[in-house]
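Remarks on the structure that follows.
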Amino acid sequence: MDIYLIRHTQTATDPGLCYGQTDIALAASFDDEMGKLHDKLPEFDDDCKVFSSPLTRCLQLAETFSDTVITDTRLQELNFGDWEGQRFDDIDPAALQQWTENFVTAAPPNGENFEDLYQRAGDFWQELLANPAAQVLVITHAGVIRALLARALNLPLANSFQLRIDSGSAHKLRQVDDYLYVEYINL
């Protein structure tokens with residue numbers, strides 16, 4: 001099974017905005033970025049399964065790959081709770097520092113921590129591996145991709161943020177029998 005983890009393209013936000021599960025639009029450059037992403041990837045079979053976060057920034061991209069997209073809330077980005085829609089510069093610096101130093105186990109107020117995201121994305125992953133298909137596309141967010149790669153590589157969760165996950169990037173894994181290979185990251 002070939003699994004492609006794909007991050008949505010650039011968003012129409014100013015740098016520094018906290019928007020994990022906030023549904024925001026894609027940048028005006030979407031068509032160009034989407035074309036470049038398609039050019040990097042192979043042609044997919046008609047029976048390729050396409051899964052997506054239900055957030056617009058993922059779903060819009062997913063629909064360029066298939067007319068039959070399966071949305072799954074477990075593929076949403078980290079829930080930043082009360083910080084959603086705020087600029088990071090406007091968040092209490094002590095609270096933000098506490099979270100950044102302990103993001104694996106600490107959650108923003110009324111949000112979730114990275115372990116929570118890892119568990120819900122992991123539930124999706126287990127179902128995916130239990131129901132293999134020849135080709136699978138998962139259009140999602142940087143946090144989810146990091147969590148899935150950490151699971152695949154058995155990385156400590158804090159180390160997953162050392163993985164660079166660019167907007168509009170693709171990450172390919174291949175499952176052969178019961179072994180999972182990483183073919184590339186951040187293409």
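Coordinate-derived values only; no laboratory data. Quick caveat, the model's predicted, so the values are computed rather than measured. With ideal geometry, Cβ positions are generated from the backbone for all residues, glycine too; neighbour counts draw on all protein chains shown.
When mean projected area of the Cα convex hull in nm² is calculated for this entry, the matching label among (i) 10.8; (ii) 11.6; (iii) 10.1 is (iii).
Counted by Cβ distance under 12 Å from residue 109, the other residues give a net charge of -4, where Lys and Arg count +1 and Asp and Glu count -1.
In this structure the amide hydrogen of residue 26, modeled in the peptide plane, comes within under 5 Å of the amide hydrogens of 12, none closer than 5 places in sequence on its chain. Phi angles across segment 2-9 convert, under the Karplus curve 6.51 cos²θ - 1.76 cosθ + 1.60 with θ = phi - 60°, into 3J(HN,Hα) values of 9, 10, 10, 9, 10, 8, 4, 6 Hz, Gly and Pro given as x. Helix-only arithmetic for the chain: the sum of -39500 (n - 2.57) across DSSP H runs with n ≥ 4, divided by the residue total, places the mean residue ellipticity at 222 nm at -9000 deg cm²/dmol. Rounded to the nearest whole Hz, the Karplus-based 3J(HN,Hα) values (6.51 cos²θ - 1.76 cosθ + 1.60, θ = phi - 60°) of segment 135-148 follow the sequence 9, 9, 10, 10, 9, 8, 10, 4, x, 5, 4, 4, 5, 5, with x at glycine and proline. Counted by Cβ distance under 15 Å from residue 12, the other residues give a net charge of -4, where Lys and Arg count +1 and Asp and Glu count -1. Of the residues 88, 51, the one with the fewest other Cβ atoms within 10 Å heads the list, and the complete ranking is 88, 51.
The ranking of 61, 26 from fewest to most other beta carbons within 10 Å of each one's beta carbon is 26, 61.
Placing +1 on the Cβ of every Lys and Arg and -1 on the Cβ of every Asp and Glu, with nothing else charged, gives the chain a dipole about its Cα centre of roughly 400 debye.
Kindly identify segment 57-101 as rounded, prolate or oblate by the Cα gyration tensor criterion: order the square roots of the eigenvalues as a ≥ b ≥ c, call it rounded if a/c is under 1.5, otherwise compare a/b with b/c, prolate if a/b is larger, else oblate. In terms of gyration-tensor shape, prolate. Here the Karplus relation 6.51 cos²θ - 1.76 cosθ + 1.60, evaluated at θ = phi - 60°, turns the backbone of segment 36-46 into coupling constants of 5, 5, 4, 5, 7, 9, x, 6, 9, 5, 4 Hz, with x for every Gly and Pro. Residues whose amide H falls under 5 Å from that of residue 79, counting only those 5 or more places apart or on a different chain, are 112, with hydrogens built in the peptide plane. Other residues lying with their Cβ under 15 Å from the Cβ of residue 186 contribute a combined charge of +3, Lys and Arg counting +1, Asp and Glu -1.
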